[in-house]
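Have a look at the structure below before the remarks.
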Amino acid sequence: MEITNLPRHVGIIMDGNGRWAKRRHRPRSFGHSAGMDAMIRIVKRANEWDIRYITVYALSTENLKNRPREELDELFDLLRKYFSNNVKELHARGAKVRVIGDKAPLPDDVRRLLEDGEKNSPPDGKFTLTFAINYGGRAEIVRAAEVLRENGKNITEESLSSELYTEGLPEPDFIIRTGGEVRLSNFLLWQSAYAELYFTPVLFPDFSPKEFDKALKEYSRRTRRFGGI
Ligand code: IPE
Ligand code: IPE
Ligand code: MG
């Protein structure tokens, strides 16, 4: 399939793991594990398209506050697994790994694994894979404003952007949400001001490379005006 006009930066709200598991009469953790596999397949597909920036929403600030401890522990286990087993291969494929969000409340070993994944990234990576973990758009904006205030800086769109977790990343062109909900749930609020949005009922573990291609095709048909005519 040929697609012209690909997004430079794709954000993915990976939703629907729990419902996917429920349909199979399995625990939610089974869905999260299948979601992790789906994510790995989508990142490979995005690489094949030469998409340079991918940001995946893995855990929101609200998830950390509102999910049962047991489920959070299972999610941390998955992160442990991924960051100890898969990240080296990603680096070898030329990926820069980045984590956005507040790592401080995460278990120490998970925080260290995430930091190592970032630190050991190749300096001039071919693409950047960003994980949003304990990430919330509102908390990110408040934190940036606080930094500017503490340093006595003026608040402008540029200065505020430069203090966001995403500093240095281009704004997302395309945001995909799986799982049927039609909302952003606090994902990249500032950065997605002009992003194209795509919602699909497909639950994330079923979001195949073919579904991803379908989304890209839809993106390529959109007209972005940025307020112009
Ligand atoms: C998304 O799947 C993954 C996380 C929020 C960690 P959910 O766990 O929200 O799955 P559903 O929405 O309950 O099906
Ligand atoms: C959004 O999914 C967060 C992630 C995918 C990490 P949620 O399942 O937490 O969103 P809501 O609660 O349905 O808005
Ligand atoms: Mg959900």
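The values are calculated or read from the model by the stated rules, or taken from the named source; none is laboratory data. All values derive from a computational prediction rather than experimental measurement. As a convention, Cβ positions derive from the backbone with ideal geometry for all residues, glycine included, and neighbour counts pool all protein chains shown. Heavy atoms of the whole protein, side chains included, go into the accessibility calculation; ligands, DNA and RNA do not. Shrake-Rupley method; radii C 1.70, N 1.55, O 1.52, S 1.80 Å.
Check off (1) open to solvent by less than 40 Å² (accessible area, probe 1.4 Å); (2) over 22 Å from residue 60 (Cβ atoms) for residue 196 and give me the number that stays unchecked.
(2)
If you go through segment 180-210 one residue at a time, how many are without any contact (Cβ under 8 Å) to a residue 24 or more places away in the chain, closer than 24 Å to residue 30 by Cβ and more than 14 Å from ligand 2 (Cβ to nearest atom)?
Residues that pass the stated criteria total 1.
Quick one: count up the residues across segment 1-32 that are within 23 Å of residue 96 (Cα to Cα), open to solvent by less than 60 Å² (accessible area, probe 1.4 Å) and more than 10 Å from ligand 1 (Cβ to nearest atom).
6
Kindly list, by first and then second residue, each pair from a residue in segment 95-120 that is within 18 Å of residue 143 (Cβ to Cβ) to a residue that is among the acidic types (Asp, Glu) and loosely packed, with under 14 Cβ neighbours inside 10 Å, limited to pairs with Cβ atoms under 8 Å and residues at least 6 apart or on different chains.
99/115; 103/115
Take the residues of segment 128-149 that are aliphatic (A, V, I, L, M) and open to solvent by less than 10 Å² (accessible area, probe 1.4 Å): which is farthest from ligand 1 (Cβ to nearest atom)?
Filtering first and then ranking leaves 148.
Please go through (1) away from ligand 1 (no atom under 16 Å from the Cβ); (2) at pLDDT 95 or above; (3) touching a helix residue (DSSP H, G or I) at 6+ places or on another chain (Cβ under 9 Å) for residue 125 and return the number of the only condition it doesn't satisfy.
(2)
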